[in-house]
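Report on the structure given below.
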C-alpha cells in the first residue's frame, strides 16, 4: 500500500478518525456496560459498534480510497501502544488493524459506504473481527467449547451493533457531504 495516493487532507482525516475511535472508547464502554451488564449482553460487542463506525466514516470521507480503514486501524494500534494504559502490547497493532482489514475486504466488493447497506456491511465486518479477536486472544475463550447460546448472543450482538455503527457512519457521511466538508469534489451532486 502506497501512501502517495492519499492527499494531505486524506491523511488528516485518517488521523482524526483514528484519534476519535480511541477517544470515544473509554467514554462509551462503561456507559454501554452499565446498560448491557444487567441484561447479560456482551458490552464490548455493543460498544464496538460505536468505535468501529470511524473506520467506515473515514473510508467514505477519503472518497472511498482503498487502504483507508486499514491505515486508521494501524494508527489506532500505534497510538494505543504508546499509551501507558489499556495496552495489550504488540497485539494491539493486530487487534486494531484487523477490523480495518476486514472493512477493506468488504469494500473491495462494495466500493465503500455508498449506501446504508454497504455501510452496515462494513461495520459488521469490523465489529465481528474485533469481537472475535478479543474473545480468542485477550479473553482466551475456546470457541469450540463455548456453548451455542453465548456464542450466538455474542455473534448477533456484534452483527447488530457493528451494522448500526456503520449506518450511523453513513448518516454522518451524508450530513458532512451536504456541508461540503473538507472541500471535496466527490461530494458534488
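All of the numbers you see were taken from the coordinates with simple rules; none came from a lab. On a predicted model such as this, the values are computed, not experimentally measured, just so you know. Cβ: placed from backbone, ideal geometry, glycine included. Neighbour counts: every protein chain shown.
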(request) Give me the angle, in degrees from 0 to 90, between the Cα long axis of helix 116-133 and the longest principal axis of the Cα atoms of the chain, rounded to the nearest 10. (result) 40 degrees
(request) May I ask for the angle, rounded to the nearest 10°, between helix 43-61 and the longest principal axis of the chain, with both axes built from Cα atoms and the value confined to 0 to 90°? (result) 10 degrees
(request) Return the calculated 222 nm mean residue ellipticity for the chain, to the nearest 500 deg cm²/dmol, obtained by summing -39500 (n - 2.57) across DSSP H runs with n ≥ 4 and dividing by the residue count. (result) -24500 deg cm²/dmol
(request) Kindly put 2, 95, 115, 131 in sequence by how many other C-beta atoms sit within 10 Å of each C-beta, fewest to most. (result) 2, 115, 95, 131
(message) Suppose R0 equals 41 Å. What FRET efficiency, 1/(1 + (r/R0)^6) with r the Cβ-Cβ distance, do residue 109 and residue 34 give to the nearest 0.05?
(response) 0.65
(message) Taking the 0 to 90 degree range and rounding to the nearest ten, how far is the long axis of helix 91-110 tilted relative to the main principal axis of the chain, both from C-alpha atoms?
(response) 60 degrees
(message) For a quick check: sort 25, 4 by the number of other beta carbons within 10 angstrom, fewest at the front.
(response) 4, 25
(message) Expected output is a single nm value to one decimal: the length gained when fully extending between residue 117 and residue 8, i.e. 0.36 nm times separation in residues minus the C-alpha distance. What is it?
(response) 36.3 nm
(message) To make sure I understand, if each residue's beta carbon is the centre and we count other beta carbons within 10 Å, what order do 39, 146 fall in, fewest to most?
(response) 39, 146
